[in-house]
1. Out of (1) in a helix (DSSP H, G or I); (2) at pLDDT below 90; (3) crowded, with 18+ Cβ neighbours inside 10 Å, what's the single condition that is false for V89?
2. What pairs come out if I take residues in the range 164-191 that are in contact (Cβ under 8 Å) with a residue 60 or more places away in the chain and pair them with residues that are among the polar types (S, T, N, Q) and assigned to a loop (DSSP other than H, G, I, E, B) whose C-beta lies under 7 Å away, six or more apart or interchain?
3. Anything in the range 165-208 that is closer than 17 Å to S13 by Cβ and of a type in the set (S, T, Y)? List them, or say none.
4. Of all the residues that make up the range 8-32, how many are touching a Gly at 6+ places or on another chain (Cβ under 6 Å), outside any helix (DSSP H, G or I) and over 19 Å from A57 (Cβ atoms)?
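The values are calculated or read from the model by the stated rules, or taken from the named source; none is laboratory data. No experiment lies behind these values; they were computed from the predicted model shown. With ideal geometry, Cβ positions are generated from the backbone for all residues, glycine too; neighbour counts draw on all protein chains shown.
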Amino acid sequence: MNQPKSFRSGYTSIIGRPNVGKSTLLNRLVAQKVAATSNRPQTTRNKITGVVHLKGAQIILVDTPGIHPTKKTLNEMMVQASLSTCADVDLILVLIDAVEGFVEEDEFVLKSMEHAKTPKILVINKIDLVEKPKLLTLISEANDKSLFKEIIPVSALKEDGMEPLKELIVRYLPEGPEYFPKEMVTDCTETFLFKEIIREKILSLTRLEVPHSVAVIVENMEEQVNGVVKIDATLYTEKASQKKILIGQGGNMLKSIGRISRKEIEKRLGAQVYLKLFVKVKPNWRDQKQAVKEFVYPHDSL
């Protein structure tokens, strides 16, 4: 009689400096959009969980904010959120950008987590943008650091290398239970996902300091008798001038943010949505620990 094969499961943290493609990698591995993505740095503010269901294994991925030197309260708490995962996971994926190679910010990331005993795999992302000789040089440089159990080149955007990466991760996971049911791809609440969708649209539609000064709070969500889901959300920004930009001439910017956010939320919910957005000013909220906890980390013990 054949013995059943063991099931492997565990937690894997995705760590790296801002804008190396951590959220895109999470979404590709999960094969569903879980984390907000943008070509702007510091898009991710929270730890976001994505679950990869495989035959005989389950990978629980933790996307983290970009690690970077900073003096701003919000950014310090983002870095703290990232580093706090290092001791609690079974494996760490360290992401770098193939185009830029090891830059000073990457060295800062490595130094920040030098005391973490957790095994580390280096993921070289965006390989579709570099020639092979440059990639081989980068792999050689990474080997010289003697920090990584494995080195794997991928392109998260082009979905290149995703299957080998999954297989590699599973090899480092312990035997364990199926933590999440098969239909579950994240443990994030719907209200969290919806505020991230709205914030992603703000990132894509606004520029300069405006997108980074905005926090989104979903104040209310309820299903009406006609099946329409009513969502009220408030956009907090730091200055009256930023509020004016978010509203736009004749309310056009706010309408655009609401329209494209609503379409994505409707797709996720499979129901008609009535989304109402409000804009308020909270001066210098990113430098106030209490405001950061309220707007960004309401359920975390940071």
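1. (1)
2. Qualifying pairs under 7 Å: E175/S6; V185/Q32.
3. Y172, Y179, T186 - these are the residues of the range 165-208 that are closer than 17 Å to S13 by Cβ and of a type in the set (S, T, Y).
4. Qualifying residue count, the range 8-32: 2.
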